[in-house]
Each structure stands twice: as structure tokens, then as C-alpha cells.
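Input: a single structure, listed below in C-alpha cells.
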Amino acid sequence: MRIYHHIDEFQNALADWKRYRSISEDMVVSDRDTRNMVLHAMMISIQSSIDIAADIIADGKLEKPGSYREAFEILGRYAIISERSVQDLSDLAGFRNILVHRYGDLDRGQVYAVLQQDYVVLEAYLSSIQQYLRKKE
């Protein structure tokens, strides 16, 4: 199944994200190469989480989402993820859109805050997805 490719990609990027949390805020804000490395891991992690949601929705023949945020809402409606996760992942989908479409508008301090605070959101998502897949087997 395609979902397992996305899960592998997600786990690898999430491992990078976890490692990068030890980088100082000053380094993330002032060093372009470091910031790009961090942003890449964040982008791949968030995009992979979206791809996983899309795979589950397609595989389950659930309603078609109109946005990335709505993909997480659908997973919440089917109790695949918690309501809290729906909100947190929807926020990360919005952050992903800023990374892709409005990078110049990105506050560098916000990048560091997301780096530090939102790793746990994606870690919880991975756990929920793994639990869902085990139940499905």
C-alpha cells in the first residue's frame, strides 16, 4: 500500500525534526543553511502527514476533502484522530501553506516556536495512524 511509503517518509522527516529541536533559536534565526535544513524537515513532515490522511481517505472511500485542513477534519469525524489533533494538524497545514506560498512572510521566531512545540503533534498523529492501521489488519 502507498500509505506505508508515506509513513516511512514521515518517520524519517520526523526523526530529523526531533534532532533539530536541539538547535538554538539564534542558529535557526541567523543561519540560513540551518534554517533551510529545519524548514525542509518541517515541510516533509507536514506534507507526509497530509499524504497519509489522503491515503486513508482514498482507501476508505471517505468523502473528498476540499483542503488539507479538511482532510484532518474527515479523519476526526471517523475517529481516526482526536479532535485536538484535528485542530493542531489543521494549524500545521496552514503553516505548510505559508512555507510553500508565502515564505517571505514567515516570522523566523515562529519557525523556532513550531520546531519546539509542534513535534509532539506529529508524534501523536503517527501513533494514531499506526493504531488505526493495526486495527484494520
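Just so it is clear, none of the values below were taken in a lab; they were calculated from the coordinates. Every value quoted in this text rests on a predicted model; they were computed, and no experiment measured them. Every residue, glycine among them, receives a Cβ derived from its backbone with ideal geometry; neighbour counts consider all protein chains shown.
Couple of notes before you dig in:
- With Cα atoms, 0 to 90° folded angle of helix 83-101 axis to the chain main axis: 50 degrees
- Per-residue HN-Hα couplings for the stretch 9-25 [Karplus 6.51, -1.76, 1.60; θ = phi - 60°; Hz; x = Gly/Pro]: 4, 4, 4, 5, 5, 5, 5, 5, 4, 4, 5, 6, 5, 7, 6, 5, 4
- The calculated pair-distance distribution of the chain uses every alpha carbon pair, bins of 5 angstrom beginning at 0, and gives 2, 10, 21, 23, 19, 12, 7, 4, 1, 0 percent.
- Pairs beyond 25 Å (Cα-Cα), from 64/136; 64/135; 61/136; 18/135: 18/135
- Dipole magnitude for the chain: computed about the Cα centre from +1 point charges on Lys and Arg Cβ and -1 point charges on Asp and Glu Cβ, it is near 260 debye.
- Signed unit charges on C-beta, dipole axis of the stretch 2-136, positive-most listed residue 42, 4, 86: 4
- Ranked by the mean number of other Cβ atoms within 10 Å of their residues, highest first, the peptides 39-46, 4-11 fall in the order 39-46, 4-11.
- Of the trypsin sites (Lys or Arg not before Pro) in the stretch 7-47, those whose Cβ has at most 15 other Cβ within 10 Å and which sit in DSSP loop: 21
- Taking Cα atoms only, the orientation of helix 119-136 departs from the longest principal axis of the chain by about 20 degrees.
- Result for the chain in a Gaussian network model with C-alpha springs under 10 Å: among 12, 36, 97, the largest mean-square fluctuation is at 36.
- Secondary-structure-derived ellipticity at 222 nm for the chain, considering helices only, amounts to -26500 deg cm²/dmol, per-run term -39500 (n - 2.57) for DSSP H runs with n ≥ 4.
- Which of 127, 49, 85 has the fewest Cβ neighbours within 10 Å, and the rest in rising order: 127, 85, 49
- Of 107, 91, 16, the one that fluctuates the most in a GNM where the chain has Cα springs shorter than 10 Å: 107
- Candidates 80, 50, 98, ranked by Gaussian network fluctuation over the chain, Cα under 10 Å, top entry: 98
- Angle of helix 108-117 to the longest C-alpha principal axis of the chain, folded into 0 to 90 degrees and rounded to 10: 50°.
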